[in-house]
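Novice: Handing you a structure now.
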Amino acid sequence: MPFNSIGDLASSMMLSHSNLQAKRTMMRLSQELTTGITSDVGGALRHDYSAQMGWERSIASSQVREKTLAEAMTRIQAKQTVLDTLSQSVTDLANNTSLALTAGTTAGLDSASAHAKSALDQALAHLNMQSAGHSLFAGAASDGPAIADTDTILASVKAAVVGAVTVSDVISSVQAWMDDTVNGFPAVAYLGSEEPSGTIRIDGNRTLTEGLRADDPAIKGTLQNLIMASLATDQDLALSRENKSAVLQQATNGLRAADGQITQLQAALGHTESEIAGGLVQAGAEISTAELLRAQTLGIDQYETASKLQEAELQLEKIYMLTARSAQMSLLEYLR
């Protein structure tokens, strides 16, 4: 059976202790090499941790602001995309309707009205777009749709317009529906909140509110004229061909005017984008500055640390070899 003297036991304990120390050294050096920061933070700071707390607080708060601003930028850019699409759709529809009005045929007028209904359907779908699970144009009620569907809206408007005979009757009835807080656009069409979605913190001292919603006057004006163009040839209204043309012409003029207002909304969003971009740059600079100060104080020489890690690995290998050799020693080898 194996026989160990007191000297062998002492040697075994020494090897075990050396093995533990070598492993701890390797873990410490590996961590330092990975993070680039010394493990002896207290020694580097002379046990005054106030500077470190300042760096970490600055990095954490700037990272949170950077993430928030990045999310806000994504929402703003998504809104710009919707407005771009809406503007292009309105421009194309106005141009095509003008051609149909010039031709003056019943089929052309019906086709223009059908295209208006399709454009209305697309506009409503885009206004219900989401970003990161939040409705873009619903204000504070970002967990639901911003606006109702086409059939719901047109059915409600038709109920208010039925009986109108003249062009002025149709126009005034649609306008009255847009303003009616009980049975009109604010109650039936717009499903979001009247409160803005929230403030955006640009930096420690500045915030801004971006509150573009589906009930913005420019967007409402666009939808109002799309609705009029959609209903111009509706059989339930039974308008004459001349009145159909007049309603389509009025809607076309209104769409061109509303498109100019959409352009102003885009300009306002562009300013918001610029402010957010500036905040992102500032947050990134604050993070970099704090990380640089931390690295200058707590940073390590990576080449030196890598060399020490290699030495620790070689030392551990030697300890394993000595341990294995000691474990295999027999009584006969001991007596020799």
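Novice: Whose amide H sits under 5 Å from the amide H of Ser135, counting only residues 5 or more places off or on another chain, with H placed in the peptide plane?
Specialist: HN-HN under 5 Å from Ser135: Asp143, Gly144.
Novice: Quick one: which residues, 5 or more positions from Arg213 or on another chain, have an amide H under 5 Å from its amide H? H modelled 1.01 Å from N in the peptide plane, none for Pro or chain starts.
Specialist: Counting only residues 5 or more places away or on other chains, the set is empty.
Novice: Next up: Excluding Ser173 itself, what net charge comes from residues whose Cβ is under 14 Å from its Cβ, given Lys and Arg +1 and Asp and Glu -1?
Specialist: Values: positive: Lys158; negative: Asp169, Asp179, Asp180, Asp234, Asp236.
Summing Lys/Arg as +1 and Asp/Glu as -1 gives -4.
Novice: For Leu292 and Gln21, FRET efficiency with R0 = 51 Å and r from the beta-carbon atoms, rounded to 0.05?
Specialist: 0.90
Novice: For region 67-201, how big is the tail of P(r) above 27 Å, as a whole percent of Cα pairs?
Specialist: Values: 2857 of 9045 pairs.
Beyond 27 Å sits 32 percent of the P(r) for region 67-201.
Novice: Then there's this: What number comes out for accessible area per residue over region 149-281 if the probe is 1.4 Å? Units Å², please.
Specialist: On the way: 6080 Å² over 133 residues.
Ligands and nucleic acids excluded, the result is 46 Å² per residue.
Novice: Sticking with this one: Within 10 Å, Cβ to Cβ, of Ala140, how many net charges do the neighbouring residues add up to if Lys/Arg are +1 and Asp/Glu are -1?
Specialist: Surrounding charge for Ala140 is -2.
Novice: Let me ask something else about it. Quick one: if you take sqrt(5λ) for each eigenvalue of the C-alpha gyration tensor of region 159-270, what semi-axes come out, biggest first, whole angstrom?
Specialist: Square roots of five times the eigenvalues give 35, 16, 8 Å.
Novice: Moving on to the next point. Mind giving me the FRET efficiency for Glu194 and Ala51? R0 is 41 Å, r the Cβ-Cβ distance, nearest 0.05 is fine.
Specialist: 0.30
Novice: Ile200's amide H: which non-local residues (gap 5+, or another chain) put their own amide H closer than 5 Å, with H modeled 1.01 Å from N in plane and none for Pro or chain starts?
Specialist: Here the answer is Leu208, Thr209, Glu210, since their amide H atoms fall under 5 Å of that of Ile200.
Novice: With a sphere of radius 14 Å drawn around the Cβ of Ser230, what net charge do the other residues whose Cβ falls strictly inside it have (Lys, Arg +1; Asp, Glu -1)? Numbers along the way, then the final one.
Specialist: On the way: positive: Lys117, Lys158, Lys244; negative: Asp110, Asp121, Asp149, Asp151, Asp234, Asp236.
That works out to -3.
The values are calculated or read from the model by the stated rules, or taken from the named source; none is laboratory data. Predicted model, so just to flag it, every value in this text is computed and none were measured. Methodologically, a virtual Cβ is constructed for each residue, glycine included, from the backbone with ideal geometry; neighbour enumeration extends over all protein chains shown. These accessible areas exclude ligands, DNA and RNA; they are computed on the full protein's heavy atoms, side chains included. Shrake-Rupley method; radii C 1.70, N 1.55, O 1.52, S 1.80 Å.
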